[in-house]
Amino acid sequence: MNSWANLLLSNPEAAKRLQNQISREIAERTLPGFIEQAWQVIEPGIEYVDNWHIHLIGEYMEAINRGQIQRLIINMPPRHMKSLEVTVCYPVWTWIKNPEKRFIKVSYSDSLSRKHNIIARDIINSPWYQHNWGDQFTLKADVNRQAEFKNNHQGFMLSTSVGGALTGEGGDVIIIDDPQNPLMANSEAEREASVNFFKNTLQTRLNNPKTGVFIIIMQRLHENDLTGHILSEQLDYEHLCLPAIAEKKTVVTFPISGKEIIREPGDVLNEGRFDMTVLENLKQSMGSVQFAGQFLQTPAPAEGIIFKREWLHNFYTQAPRTTDIQSWDMAFTKSEGSAKVAGIVMGKNKADIYIKDLVNDKMDFTESVAAVRTLSGKWSSARAKVVENKANGPAIVNTLKKEIPGMVEFNPKGSKEERAMSITPYFEAGNIHFPDPKTHPWVEDLIRDLLIFPKGTYKDTVDALVQGILYLMDKPISSIGGSNLSKESYWHSI
């Protein structure tokens with residue numbers, strides 16, 4: 001046993017002082033280290049769950065304090081510690097070494113913003129903080145309110161709401177934390193209020209525009225929310241986007257250490273708190289569109305881009321007799337960056353088309369062949385199996401044409417966007433019908449894909465849907481029952 005160990009065993013007080021010194025240095029060195037120790041003050045009795053994204057955000061905050069970043073947007077799901085880390089703990093941690101810093105914190109409501117300020121002040125007043133850094137600064141007794149408190153180095157933390165008064169006040173760091181109430185996600189007035197407050201008020205409130213910092217941390221609620229406005233205006237913000245579930249392979253690089261986190265498709269951001277089961281339940285209860293914005297950070301446009309939301313409300317519980325087909329959009333491979341395979345069953349009755357079933361997943365060649373077999377067995381009424389003659393399409397048709405009748409190659413004309421635009425009149429006229437989403441949950445996903453098309457990561461469902469509609473609408477017959485052809489003659493014609 002070495003001399004240090006002997007000393008510590010023989011002198012418990014010295015051991016305790018050494019441990020306190022080590023803990024203090026850890027808390028000073030990194031924001032996550034500070035948060036873990038402050039947790040006893042923030043959430044007493046609740047277990048602290050560490051995760052890599054907390055350390056990632058911690059490095060971004062450190063980069064801000066080093067002057068390496070001045071404009072930052074962080075998009076991440078609710079209940080993933082975004083407010084506690086950035087709005088509450090980051091300013092308090094910064095005051096350890098820079099108590100002169102002035103922080104302005106803005107949220108959609110005054111009560112929420114004030115709550116964040118109260119927790120920050122509670123941490124400062126705690127015995128733990130005072131024991132370690134009580135000699136760095138003291139809070140001024142004459143300015144020590146819930147919404148604003150100052151220290152003897154002229155630093156302050158001021159909380160306000162969107163639209164709140166800021167006359168005469170200026171900050172070194174302005175933190176905008178959820179500028180819009182999630183319950184008002186579709187309110188144009190609320191959305192415009194948050195954007196206008198940022199443009200016309202907050203942007204003039206930096207003490208030094210050259211060195212001052214803006215941090216915007218929020219869940220996405222609408223494509224034209226504050227994040228959407230800043231990105232569309234190309235205002236030169238660093239953008240850190242952390243969806244609860246990775247939709248594609250993403251390499252996340254830490255800004256200081258250079259450490260990399262590789263998120264594969266389907267990777268869950270914080271498995272310790274929100275595993276896939278929890279997220280799937282949230283998606284079911286919230287609906288795909290709301291879930292996509294708040295948890296995946298990909299809000300569907302309110303009105304849609306090519307396909308308008310008002311066209312996508314024709315739901316049925318019982319379809320009439322229809323002429324059915326399958327429509328397939330195949331992929332080359334089942335790899336990290338590959339597209340998905342989509343197969344849709346739909347049927348035509350006179351001028352109307354009824355969407356009936358959907359298959360959508362990443363598949364290799366063998367799995368794609370099996371999927372066509374399975375859907376053909378499930379929907380024997382779908383005589384034609386229309387497959388785009390790209391990617392694995394021709395090979396799949398060639399493999400199955402001797403086994404499954406009606407394998408048809410489809411040669412699309414024009415771009416994906418042009419083909420989609422060409423069928424919008426059928427949607428606008430109310431000719432496209434979907435099954436009730438309550439009994440067919442995949443309908444919500446399909447509607448979301450339509451709303452964000454062509455901006456989405458995966459366009460396969462829309463490609464398959466458009467292809468099937470083009471194929472059906474190109475046929476001279478409107479329905480089996482309304483045709484002058486016999487049933488057998490009709491199927492021979494397609």
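Filter the stretch 426-456 down to residues that are surrounded by fewer than 16 Cβ atoms within 10 Å (Cβ to Cβ) and more than 21 Å from A319 (Cα to Cα) and give me whichever is nearest to the chain's Cα centre (by Cα).
In this case the residue turns out to be K455.
For A339, indicate whether it is within 24 Å of the chain's Cα centre (by Cα), among the small types (G, A, S) and assigned by TED's automatic domain parsing to the domain that holds H440.
Yes.
A14 passes all but one of (1) at pLDDT below 90; (2) under 22 Å from N270 (Cβ atoms); (3) not hydroxyl-bearing (S, T, Y); which number fails? Answer for A14: the failing condition is (2). The selection criterion, being surrounded by 17 or more Cβ atoms within 10 Å (Cβ to Cβ), within 24 Å of V162 (Cα to Cα) and over 31 Å from the mean Cα position of the chain (by Cα), does not hold for K82.
Only residues that are in a strand (DSSP E or B) and β-branched (V, I, T): list them for the stretch 428-476, please.
First, pick out the residues of the stretch 428-476 that are in a strand (DSSP E or B): 432-435.
I432, the sole residue that qualifies.
In the stretch 25-73, what residues are among the hydrophobic types (A, V, I, L, M, F, W, C) and more than 25 Å from the chain's Cα centre (by Cα)? Scanning the stretch 25-73 gives I26, A27, F34, A38, W39, V41, I42, I46.
Within the set L206, L221, L240, the sole residue that is in the same structural domain as R66 (by TED's automatic domain parsing) and under 24 Å from G170 (Cα atoms) turns out to be L206. Mind checking which residues of the stretch 407-427 are in contact (Cβ under 8 Å) with a residue 40 or more places away in the chain and assigned to a loop (DSSP other than H, G, I, E, B)? Passing the criteria: only P412.
The residues of the stretch 310-349 that are touching a residue at least 60 places away in the same chain (Cβ under 8 Å), surrounded by 14 or more Cβ atoms within 10 Å (Cβ to Cβ) and among the charged types (D, E, K, R), listed by number, are D329, K340, K348. Within the stretch 247-262, none of the residues are in contact (Cβ under 8 Å) with a residue 40 or more places away in the chain and at positive phi.
Just name the residue that is surrounded by the fewest Cβ atoms within 10 Å (Cβ to Cβ) out of those in the stretch 366-392 that are small (G, A, S) and in a loop (DSSP other than H, G, I, E, B). Among those that are small (G, A, S) and in a loop (DSSP other than H, G, I, E, B), it is S380. A single entry from V88, V173, V92 fulfils the requirement of being in contact with a Pro (Cβ under 9 Å, 6 or more places away or on another chain) and crowded, with 16+ Cβ neighbours inside 10 Å: V173.
The values are calculated or read from the model by the stated rules, or taken from the named source; none is laboratory data. Just so we're clear, the structure is a prediction, and the values are computed from it rather than from any experiment. Counting neighbours? That spans all protein chains shown, and the Cβs are built from the backbone with ideal geometry, glycine included.
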